[in-house]
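Chemist: After the structure tokens below, expect a handful of questions from me.
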């Protein structure tokens, strides 16, 4: 099996991919590095364990159609042949020929699955028994806090992830705090909301802020270095001894 893997910008530079949380994108790269020469992975639970990522990240990759699950428990990366080109004399055929035989290739060399087949994958939380045409919001990550703050399921899930982060940072998610956060996010479109939440999660911030380019526009000039420092201090990222 080859030890070098590639990722196509036609896949990982799309809005569909970049709008996912950093953790889901990292899992995609980890799976891509450890897949066999046909794009199959049979130890994804082990990968979750040693990376510290969550099963919710796997669910999101499935919901976004980056991963196809099988009843046997193995998965395959849909865009494998877009990401990687391996010469036939240098590849080792996958052990999962039954699953491979259930796949086809579209005009873009992307794996497709017979929609008459129903495949499920046991994630120790629930079982997927939906047809591929129905894999969507029903299998998006479920959080302990299942409240709905936004109509967009992906955005709502990201906000729940941010609330969990606040708890880890010892911030109380009171009704007033949540209302202030949703009001701030409500000033912007969904794409900007997602960008704001991803930035706050990535930097372990306690609050949400508009992207730098919007802050500059609102301030009618460049954001000063002092403004950036004050924002970091308010989030506890910078502390003085």
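Chemist: Yes or no: region 149-171 includes at least one residue that is surrounded by 18 or more Cβ atoms within 10 Å (Cβ to Cβ) and at pLDDT below 50.
Modeler: For region 149-171, residues surrounded by 18 or more Cβ atoms within 10 Å (Cβ to Cβ) and at pLDDT below 50: absent.
Here is a yes/no grid of residues against (1) in the same structural domain as residue 165 (by TED's automatic domain parsing); (2) free of Cβ contacts under 8 Å to residues at least 40 places away in the same chain; (3) touching a strand residue (DSSP E or B) at 6+ places or on another chain (Cβ under 9 Å):
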{"site": "14", "(1), (2), (3)": "no, yes, no"}
{"site": "36", "(1), (2), (3)": "no, no, no"}
{"site": "39", "(1), (2), (3)": "no, no, yes"}
{"site": "43", "(1), (2), (3)": "no, yes, no"}
{"site": "80", "(1), (2), (3)": "no, no, yes"}
{"site": "86", "(1), (2), (3)": "no, no, no"}
{"site": "99", "(1), (2), (3)": "no, no, yes"}
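Chemist: Scan region 48-59 residue by residue and report those that are more than 23 Å from residue 102 (Cβ to Cβ) and either assigned to a helix (DSSP H, G or I) or not assigned by TED's automatic domain parsing to the domain that holds residue 17 (or both).
Modeler: Residues satisfying the conditions are 48, 49, 50, 51, 55, 56, 57.
Chemist: Please find, among 42, 13, the residue that is at pLDDT 90 or above, out of contact with any helix residue (DSSP H, G or I) (no Cβ under 8 Å at 6 or more places or on another chain) and more than 30 Å from residue 190 (Cα to Cα).
Modeler: Every option except 42 fails the conditions.
Chemist: Can I ask one more? May I ask you to list the residues in region 60-81 that are over 12 Å from residue 32 (Cα atoms) and assigned to a helix (DSSP H, G or I)?
Modeler: 60, 61, 62, 63
Chemist: Let me ask another. Of the residues that make up region 34-44, is at least one within 25 Å of residue 196 (Cα to Cα) and not in a loop (DSSP other than H, G, I, E, B)?
Modeler: The answer is no; no qualifying residue exists.
Chemist: Let me ask something else about it. Return a yes/no flag: does region 205-212 have any residue that is at pLDDT below 90 and either surrounded by fewer than 12 Cβ atoms within 10 Å (Cβ to Cβ) or in a helix (DSSP H, G or I) (or both).
Modeler: Within region 205-212 (the criterion being at pLDDT below 90 and either surrounded by fewer than 12 Cβ atoms within 10 Å (Cβ to Cβ) or in a helix (DSSP H, G or I) (or both)), the answer is yes, since at least one residue qualifies.
The values are calculated or read from the model by the stated rules, or taken from the named source; none is laboratory data. Treat the numbers as computed from the prediction; the structure is a model and nothing was measured. Every residue, glycine among them, receives a Cβ derived from its backbone with ideal geometry; neighbour counts consider all protein chains shown.
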